[in-house]
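Just below is one structure, and these are the notes that go with it.
The values are calculated or read from the model by the stated rules, or taken from the named source; none is laboratory data. Only a predicted model underlies this, so the values are computations on that prediction, with no experimental measurement involved. All Cβ positions, even for glycine, are placed from backbone atoms using ideal geometry, and neighbour counts span all protein chains on display.
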Amino acid sequence: MAKYTIVSMPGDGIGRIVLPEALRVLDAVRFEAEYIPADIGWEFWKTEGNALPERTIQLLEKHKLGLFGSITSKPKDQAVAELDPKLQNKGHVYYSPIVGMRQHFDLDVCMRPCRSFPGNPLNFIRRKDDSFEEPEVNVVIFRQNTEGLYSGVEWTNPPGPVRQALETHPKMKKFASVPAEELAISCRIFSGPACQRIVRAAFEYARKFGYKSVTVCEKPNVIRETSGMMQAQAKGISRQFPEISLWSTNIDAQMMWLTKNPEEYGVIVSGNMFGDIVSDGFAGLVGGLGFACSANIGKEVAVFEPTHGSAPKYENLKPSIVNPIAMILSACMMLDYIGETEKAKRIRNAIARVITQGKVRTYDMMRLTGGPDVTRQGAVTTQQMADAVISEL
């Protein structure tokens, strides 16, 4: 009988391609698990009016662990247009299923490691005198996952009581003459307990893995209340970790500095939107979204996913050409979470050897434009990259 049960959610687009390859790698490292397929994504929105069916929620409630591929997400008008005609005008509203999972299970701690592999041709380099240098990037972003601008508290044409409440703030005078139907409002909501949990998780990770600093990346000079709360909680919690320096950066300045001195940063902690931005920025320094993995962790349930999208234009290419490494690294994060750290280390070392050898590269690693002809230019297929990792194992 398998030791673990994992809810397998390929989702949309290339999620259906990369997740099976990650499972092959897990099998090769002799990880014993049963994988339960679960429904999620755009097809279920179109046919059922719900991209995250209740049956999938129940599976996660039961088994606690999920591997997730990717989703297709479209603006409100397009989502409604693609809904089955039988479901039109029935009150169905599209909502991102990964955001829905995060909020339903309170998966409030998001971890996004951005670590460079030596030999990756996509690694960031910078000029030094008359030559170039390649700094080692080893940053882990802790992103608060359930609040902020992604909390979902927003309106177009806000109801009267909402507008009346907002107009008690003096800054709303500027919008007094704007008709309600021409107002769109999103609330950036931070809570003390959520800030405490994400900041503490960041400091504990820094202590466990020997990072010398934790950086709060927000915008407290302008967004004073919410960013200010995150910064205040970090100052309080940092006193319990005297060996770790507490730094603070503004999100806009951070995006400039990450290409100036990325090797100086260790653990970064941010609210939802800024964490999303800075993690993609650092991912660009270590190879892009083909190498960007993440974990969504709650008190009971955890879901692991690459941060790339569904890239539907690549889904039906034969052979498939997308890079599966981000999905494989996400599976490694799952192994770390459940204590199978040795297996995770073996997989990462295998990936590192494949990259260092430089013989097997996907089209993105060769800086080619994705298309059916990239294999004729030397790029390997999705399956061949997974085969190379498995061979090293």
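Residues in the stretch 63-117 that are free of Cβ contacts under 8 Å to residues at least 12 places away in the same chain and in contact with a helix residue (DSSP H, G or I) (Cβ under 6 Å, 6 or more places away or on another chain): none.
Got a sec? Which of Gly91, Gly119, Gly69 is part of a strand (DSSP E or B) and among the small types (Gly, Ala, Ser)? Before the answer, list the steps.
Values: Gly91 fails: part of a strand (DSSP E or B); Gly119 fails: part of a strand (DSSP E or B).
On inspection, the qualifying residue turns out to be Gly69.
If I filter the stretch 362-381 down to residues being of a type in the set (Gly, Ala, Ser) and over 17 Å from Asn120 (Cα atoms), which single residue comes out as surrounded by the most Cβ atoms within 10 Å (Cβ to Cβ)? Spell out the reasoning first.
To start, the set of residues in the stretch 362-381 that are of a type in the set (Gly, Ala, Ser) comprises 370-371, 378-379.
Cutting the leftovers down to over 17 Å from Asn120 (Cα atoms) gives us 370-371.
Working: Gly370: 17, Gly371: 14.
Filtering first and then ranking leaves Gly370.
The combined condition, being at pLDDT 95 or above and either at positive phi or not in a helix (DSSP H, G or I) (or both), is fulfilled by Thr249. Can you tell which of Ala311, Ala352, Ala326 is surrounded by fewer than 21 Cβ atoms within 10 Å (Cβ to Cβ), in contact (Cβ under 8 Å) with a residue 40 or more places away in the chain, of a type in the set (A, V, I, L, M, F, W, C) and closer than 23 Å to Ser96 by Cα? Every option except Ala311 fails the conditions. Within the stretch 263-296, being of a type in the set (Val, Ile, Thr) and surrounded by fewer than 21 Cβ atoms within 10 Å (Cβ to Cβ) holds for one residue alone: Ile277. Kindly provide the set of residues from the stretch 300-328 that are of a type in the set (D, E, K, R), in contact with a helix residue (DSSP H, G or I) (Cβ under 8 Å, 6 or more places away or on another chain) and modelled with pLDDT of 95 or more, ordered by number. Listed by number, the list holds a single entry, Glu305.
For the stretch 253-276, indicate whether the set of residues that are modelled with pLDDT under 95, assigned to a loop (DSSP other than H, G, I, E, B) and within 22 Å of the chain's Cα centre (by Cα) is non-empty. The answer is yes; a qualifying residue exists. Of all residues in the stretch 183-214, exactly one satisfies the criterion of being more than 22 Å from Gln103 (Cα to Cα), in contact with a Leu (Cβ under 8 Å, 6 or more places away or on another chain) and of a type in the set (Ser, Thr, Tyr), namely Ser213.
Residues that are farther than 25 Å from Glu43 by Cα, surrounded by 21 or more Cβ atoms within 10 Å (Cβ to Cβ) and of a type in the set (D, E, K, R) within the stretch 1-26 are absent altogether.
Phe124 passes every criterion in (1) touching a residue at least 40 places away in the same chain (Cβ under 8 Å); (2) more than 22 Å from the chain's Cα centre (by Cα); (3) over 30 Å from Glu61 (Cβ atoms) apart from (2). Residues that are surrounded by 24 or more Cβ atoms within 10 Å (Cβ to Cβ) and over 19 Å from Gly275 (Cα atoms) within the stretch 107-121 are absent altogether. The single condition among (1) in the same structural domain as Glu305 (by TED's automatic domain parsing); (2) in a loop (DSSP other than H, G, I, E, B) that Glu136 does not satisfy is (1).
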